[in-house]
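Here the structure is laid out as structure tokens; the discussion comes afterwards.
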Amino acid sequence: MTSSALSAFRELEQYYAQAAAPSPARDQHVMYWVGTHLGIAGVPMLIGAGELDEIIETPAVTPIPGTKPWVLGLASHKGGLLPIFSGDVLLRRQPYTGRVREYCMVVRRQGLHFGLTLSGVHRDLKFPIEERDMAHPVDEDVAEFSLGGFHYNEQFLAVLDIDKLVSDSDLGNASATTGDHNEDQIS
């Protein structure tokens, strides 16, 4: 390259360096917690993204004699059988009276695949992770299965820890003990 071409190249480089817009300043990176706002046994809760398989209409069930009261029965789902559990009886220890629970969430974990009835399905939400409140009191019936929560529209939404729920010894053994079975519900 000749010296005149090289000097023209340097002048052009300086011109573009002075005329160019400055690089945008990077905002501080914010990490978000993302999940679904729903209700279980009347308690507003959050389920983390990827924690549940899907939300479906509560299917018709065939009762299973000799099981705990929170086991509603078996349902056909995607070519297989899916146990359906009552969220109200499992968490509150009492059956729900009122409008039928129309939806359930399907949870699939290693060795455990089930549906849990929901009292409400609202929407997907995201919160800055630093806003998670681990000290706020949670409904006593779900406190052992929650992992903090977030404030949203003047209410506190507890985060349901599916792993804590699945590892619960009561959930792992659905066979009824003496005097504790769902045959009374079958009419």
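With contacts taken as Cα pairs under 8 Å and at least 6 residues apart, the chain reaches a relative contact order of 25 percent. Taking amide H as placed 1.01 Å from N in the peptide plane, the amide H of L125 sits under 5 Å from that of G35, T36, H37, each at least 5 places away or on another chain.
In terms of surrounding Cβ atoms within a 10 Å radius of their Cβ, R10, R99 rank from fewest to most as R99, R10.
Between L82, L12, L46, the GNM of the chain built on Cα springs shorter than 10 angstrom shows L12 fluctuating the most.
Just to compare against my own numbers: the Cα pair-distance distribution for region 27-99, 5 Å bins, whole % per bin, please. The distribution over region 27-99 is 3, 13, 18, 21, 19, 12, 5, 3, 3, 2, 1, 0, given as percents.
Across the chain, the longest piece that holds none of the GluC sites (Glu not before Pro) lying in DSSP loops with up to 13 other C-beta atoms within 10 Å covers 1-101. Each residue of region 81-88 was assigned a 3J(HN,Hα) from its phi angle through the Karplus expression (A = 6.51, B = -1.76, C = 1.60, θ = phi - 60°), giving 9, 10, x, 10, 10, 7, x, 5 Hz with x at Gly and Pro.
Summarising the amide proton neighbourhood of H136: residues at separation of 5 or more, or on other chains, whose placed amide H is nearer than 5 Å comprise an empty set. Both numbers refer to the Cα atoms of region 30-187; Rg and Dmax are 15.8, 54 Å. Largest GNM mean-square fluctuation across A19, A143, A41, computed for the chain with C-alpha springs under 10 Å, falls on A19. Each residue of region 29-35 was assigned a 3J(HN,Hα) from its phi angle through the Karplus expression (A = 6.51, B = -1.76, C = 1.60, θ = phi - 60°), giving 5, 10, 8, 10, 8, 10, x Hz with x at Gly and Pro. Near the amide H of T67, within less than 5 Å, lie the amide hydrogens of A176, N182, E183, all on another chain or at least 5 residues away, with H placed in the peptide plane. In the elastic network of the chain, a GNM with C-alpha springs shorter than 10 Å, the most mobile of G73, G148, G111 is G111.
Listed values for region 159-174 are Karplus-derived 3J(HN,Hα) couplings in whole Hz (6.51 cos²θ - 1.76 cosθ + 1.60, θ = phi - 60°), namely 8, 7, 8, 4, 5, 5, 5, 5, 7, 5, 5, 5, 5, x, 10, 8, and x replaces Gly and Pro.
Here, each number is a calculation from the coordinates, and none is a lab measurement. A quick note: this is a predicted structure, and the numbers were derived from the prediction, not measured. We place every Cβ from the backbone using ideal geometry, glycine too, and count neighbours over all the protein chains shown.
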